[in-house]
């Protein structure tokens, strides 16, 4: 693994390309793609869940990607950057709870739930690494 900005390590997936925007980061791509998968799957949820589980799982999953974009733009300020990443982390964990509800209510299959849950574990792992080592990402 090579050294990134300010001597921090760069993930292997990231080191092979230049990062220009938050959209270039695998963690954002995973969050966005997972939110879109959840949106597609949730179209099949029962109508009585429209303002409950459907709304909550869509909101929290989209919030992970949206908050990450905001965090990326706050890299000049360590505390603000970490705070936004913490928001991402909590929204990702909330999404995992909604995924479990969707499985238990038989709205998605166990396999779909496991796959989504695993993706959010990967997202959470990346977020925690960024939170623990913000100096690798800060600018200015």
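The values are calculated or read from the model by the stated rules, or taken from the named source; none is laboratory data. Only a predicted model underlies this, so the values are computations on that prediction, with no experimental measurement involved. A quick note on method: Cβ atoms are made from the backbone with ideal geometry, for glycine too, and the neighbour counts reach across all protein chains shown.
Which of the residues that make up segment 130-140 are assigned to a helix (DSSP H, G or I), in contact with a strand residue (DSSP E or B) (Cβ under 9 Å, 6 or more places away or on another chain) and at pLDDT 95 or above?
none
Do we have residue 10 as under 17 Å from residue 122 (Cα atoms) and at pLDDT 95 or above here? If you could, list the steps in order and put the result at the bottom.
Details: under 17 Å from residue 122 (Cα atoms): yes; at pLDDT 95 or above: no.
Spelling it out, it is not the case that residue 10 is under 17 Å from residue 122 (Cα atoms) and at pLDDT 95 or above.
Output the number of the condition that residue 133 fails; it satisfies all remaining conditions of (1) within 11 Å of the chain's Cα centre (by Cα); (2) in contact (Cβ under 8 Å) with a residue 24 or more places away in the chain.
Of (1) within 11 Å of the chain's Cα centre (by Cα); (2) in contact (Cβ under 8 Å) with a residue 24 or more places away in the chain, only one is false for residue 133: (1).
State all residues of segment 59-76 that are in contact with a helix residue (DSSP H, G or I) (Cβ under 6 Å, 6 or more places away or on another chain) and either in a helix (DSSP H, G or I) or modelled with pLDDT under 95 (or both); if no residue qualifies, say none. Full working, then the answer.
So in segment 59-76, the residues in contact with a helix residue (DSSP H, G or I) (Cβ under 6 Å, 6 or more places away or on another chain) come out as 60-65, 67-72, 74-75.
Correct list: 60, 61, 62, 63, 64, 65, 67, 68, 69, 70, 71, 72.
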